[in-house]
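I have placed the structure first, in the form of structure tokens, so that the comments after it can refer back to it.
Read-outs throughout are calculated quantities, based only on the coordinates presented, and are distinct from any laboratory measurement. Note that the structure is a prediction, hence the values are computed from the model and not measured. All Cβ positions, even for glycine, are placed from backbone atoms using ideal geometry, and neighbour counts span all protein chains on display.
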Amino acid sequence: MAISWGHEQFVEYVVDLSQVIGPVYSKRMFGGHGIFLEGVMFGLVFNSTLYFKVDSDSRERYISRGLEPFSYERKGKTTNLNYYQAPEEVLDDLDIMRDWSNCAFEVAIKAAAKRKAD
């Protein structure tokens, strides 16, 4: 999406679009915003880019489209998190947003359940 909004405005836009899957909200964290549904973080906005939670089953969906993982530098090392850049069309089409958001939410639910079991 070629709109030059500020970060806060972009976060609001993402949250508004994400309402298609439920009462989504954001929380400020680590210089960005987590995107949550039912207390579970399934998305991340950093530098006005939306990332969705991935796992070993869903990661290829992103890689095959050339989408980049969320990464950061720490102590001279690059760390990739289990979040990948969302395709641009999620910002333009509610059906596509629903599909990708639901997938990321399911991944986040599984990850949360696994953490509780460990």
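Go through 75-84, 105-114 and give me the packing order, highest mean Cβ count within 10 Å leading.
Working: 75-84: 12.5, 105-114: 16.6.
Going by the mean number of other Cβ atoms within 10 Å, highest first, we get 105-114, 75-84.
Of the GluC sites (Glu not before Pro) found in the range 1-41, the ones in coil according to DSSP and having at most 16 other Cβ atoms within 10 Å of their Cβ are Glu38.
Taking the structure as given and computing P(r) over Cα pairs in 5 Å bins from 0, in percent, which label from (i) 2, 13, 21, 20, 17, 11, 8, 5, 2, 1, 0; (ii) 2, 12, 21, 24, 19, 12, 7, 2, 0; (iii) 2, 11, 22, 25, 22, 12, 4, 1, 0 fits? Of the listed options (i) 2, 13, 21, 20, 17, 11, 8, 5, 2, 1, 0; (ii) 2, 12, 21, 24, 19, 12, 7, 2, 0; (iii) 2, 11, 22, 25, 22, 12, 4, 1, 0, (iii) comes from this structure.
Can you tell me the length gained on complete extension of the stretch Asp92 to Arg61, counting 0.36 nm per residue apart and subtracting the Cα distance? Write down the numbers at each step before the final one.
On the way: separation 31, 0.36 × 31 = 11.16 nm, distance 1.90 nm.
Gain on extension, Asp92 to Arg61, equals 9.3 nm.
Summing charges over neighbours of His33, with a neighbour being any other residue whose Cβ is under 9 Å away from its Cβ, gives +1 when K and R count +1 and D and E count -1.
Can you classify the range 60-118 as rounded, prolate or oblate using the Cα gyration tensor, where a ≥ b ≥ c are the square roots of its eigenvalues, rounded means a/c under 1.5, and otherwise it's prolate if a/b beats b/c and oblate if not? Could the numbers behind the result be given before it?
On the way: a/c = 2.62, a/b = 1.17, b/c = 2.24.
It comes out oblate by the Cα gyration axes.
As a footprinting exposure proxy, order Ile21, Ile35 by other Cβ within 10 Å, with the fewest listed first. Mind showing how you got there, number by number?
Details: Ile21 18, Ile35 27.
Lowest count first: Ile21, Ile35.
In order along the range 24-34, the phi-based Karplus estimate (6.51 cos²θ - 1.76 cosθ + 1.60, θ = phi - 60°) of 3J(HN,Hα) comes to 6, 9, 10, 9, 5, 7, 6, x, x, 9, x Hz; Gly and Pro are listed as x.
Across the range 55-62, rounded Karplus estimates of 3J(HN,Hα) from the backbone phi angles (6.51 cos²θ - 1.76 cosθ + 1.60, θ = phi - 60°) give 9, 4, 7, 9, 3, 4, 4, 7 Hz, Gly and Pro being marked x.
Ranking of Leu50, Leu91 by neighbouring Cβ atoms within 10 Å, starting from the fewest: Leu91, Leu50.
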